[in-house]
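Working notes for the structure below.
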Amino acid sequence: MRAFVIAGPGRSAVVDVDRPRAEPGQVIVDVARVGLCGTDAEFFSGEMAYLAQGHASYPVRIGHEWSGTVTGLGPDVDPAWLGRRVTGDTMIGCGLCPRCRSGRQHVCAERREIGIRGGFPGALAEQLALPASGLHALPDSVDDVAGALVEPGGNALRAVQAANLVPGDRLLVLGCGTIGLLAALFARARGAEVHLAGRSARSLDFAVSLGFADARPIDALPELAWDAVIDASTDPRLPELALELVEPGRRIVFIGLAGTPSLIDTRTQVLKDVTAVGILSGSAGLAGAIDLYARGAVDPRPLVATTVSLEQAGAILAGHRPASAGPGPKILVDPHL
């Protein structure tokens, strides 16, 4: 089958590889759509931290935001999965440690991450093998495009849940990329008053088109009381700003990752009695994201700018944006184009 492989920084190709075989407890999925994200771009550039830490190495087959259909079953898998449209969890824990046994497999020290960590091949290929235990069924009302946005949606939903919002609360989201916009959509569905801040005029204009009239440049924020702040940016200066802006006794949520260390003054956090929460992975939010998509409470599909082939993925990861792409931040790949 055809698969997209990154051989080293700035070097990629679509190559023929053996089709996956389902081991015990695994399924084979025919991949329908795959989302490209910042983590994938970091693998392409060589900046991904796991490369330096020894958790990943080249060559790497990326792709962890996906949807598809189960077409093969390994031993000990429920036959009811065959033919079902699905997406799945990126995080594969050891299943034995206290973290896994308490439902925190996404922070298992020995975890593998599909398309990211531990050499587990990703979804940027015609087929993907993965444990059936990580599958989530997609209802008919969640199409392949929305299905590929469940994984980032799970991350964004967890960020909103961590912000501890109630209807009428005022939320500030820093960053207008895919995660920031999804967080804003989920928070709005909860009844929060949502404001977004970003640096790109294009991303701010797109946020306004989604109904967020209060999307502004970061240096032009109104002087308002922020009940929660979600930092979904990659700017190392913004965690400090989030702590400065949030109301005392409320919450800041960190879900964006900067390429260099971010610093906050914990004295300020203590004196303001602020709770700070970090979010890694959408694992615990996948089912909730699917439910909200299925009920029409949140529609992630406008975020998709275009769908490209495997052969075009390298150019996208290098920063090229097709002239025909729409205004949204997300680009999907159809491995069968």
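Every read-out reported here was derived from the displayed coordinates using simple, explicitly stated rules and does not represent laboratory data. On a predicted model such as this, the values are computed, not experimentally measured, just so you know. Using ideal geometry, Cβ is built from the backbone for each residue, glycine included, and neighbour counts are taken over all protein chains shown.
Which whole-angstrom value gives the distance between the alpha carbon centres of region 139-161 and region 222-251?
Taking the Cα centre of each part, region 139-161 and region 222-251 sit 25 Å apart.
Where does the charge balance sit around residue 69 when Lys and Arg score +1, Asp and Glu -1, over other residues with C-beta under 10 Å from its C-beta?
0
Along each principal axis of its Cα atoms, how long is region 159-278 end to end? Whole angstroms, biggest number first, please.
Result, largest extent first: 39, 33, 24 Å.
How far apart, in nanometres, would the label points at residue 201 and residue 143 be if each is projected 7 angstrom from Cα along the Cα-to-Cβ direction?
That separation, rounded to one decimal, is 3.2 nm.
When ranked by the protection proxy of mean other Cβ atoms within 10 Å per residue, highest first, what sequence do the peptides 160-166, 133-139 form?
Ranking the peptides 160-166, 133-139 by packing returns 160-166, 133-139.
Which order results if 1, 91 are arranged by neighbouring Cβ count within 10 Å, fewest first?
Least to most surrounded, the residues fall as 1, 91.
Quote to one decimal, in nm, the extra length available between residue 315 and residue 260 on full extension: 0.36 nm per residue of separation minus the C-alpha distance between them. Could you put the intermediate results ahead of the total?
Numbers: separation 55, 0.36 × 55 = 19.80 nm, distance 2.48 nm.
Working it through step by step, the gained length comes to 17.3 nm.
Arrange 130, 332 by Cβ neighbour counts within 10 Å, fewest through most, would you?
Ordered by Cβ neighbours within 10 Å, fewest first: 332, 130.
Using a 7 Å offset from the Cα along the Cα-to-Cβ direction at both residue 13 and residue 323, what is the distance between the two label points in nm, to one decimal?
Using points 7 Å along Cα→Cβ, the separation is 3.0 nm.
Quick one: among 267, 111, 99, which has the greatest mean-square fluctuation in a GNM of the chain with alpha-carbon springs under 10 angstrom?
Largest GNM mean-square fluctuation: 267.
Sort out for me the Cα centre separation of region 266-323 from region 85-101, rounded to whole Å.
Cα centroid of region 266-323 versus Cα centroid of region 85-101: 20 Å apart.
Please state the relative contact order of region 1-125 as a whole percent: Cα pairs under 8 Å, 6+ residues apart?
It comes to 28 percent, rounded to a whole number.
So which residue, out of 25, 63, 211, gets the largest mean-square fluctuation from a GNM of the chain using Cα contacts under 10 Å as springs?
It is 211.
If neighbour count is taken as other Cβ atoms inside 10 Å, put 306, 260 in order from fewest to most.
In order of increasing Cβ crowding within 10 Å: 260, 306.
Taking the Cβ of residue 31 as the center, what net charge do the other residues with Cβ under 10 Å away carry, scoring Lys and Arg +1 and Asp and Glu -1?
Local charge sum for residue 31: -3.
If you filter region 203-305 for GluC sites (Glu not before Pro), then keep DSSP loop positions with at most 10 other Cβ within 10 Å, what is left?
Details: sites: 223, 240, 244; in loops: 223.
Answer in residue order: 223.
At what distance in nm do the modelled label points of residue 225 and residue 166 sit from each other, each positioned 7 Å from its Cα along Cα→Cβ?
1.3
Among 184, 197, 148, which one shows the biggest mean-square fluctuation in a GNM of the chain, springs joining Cα atoms closer than 10 Å?
Largest GNM mean-square fluctuation: 197.
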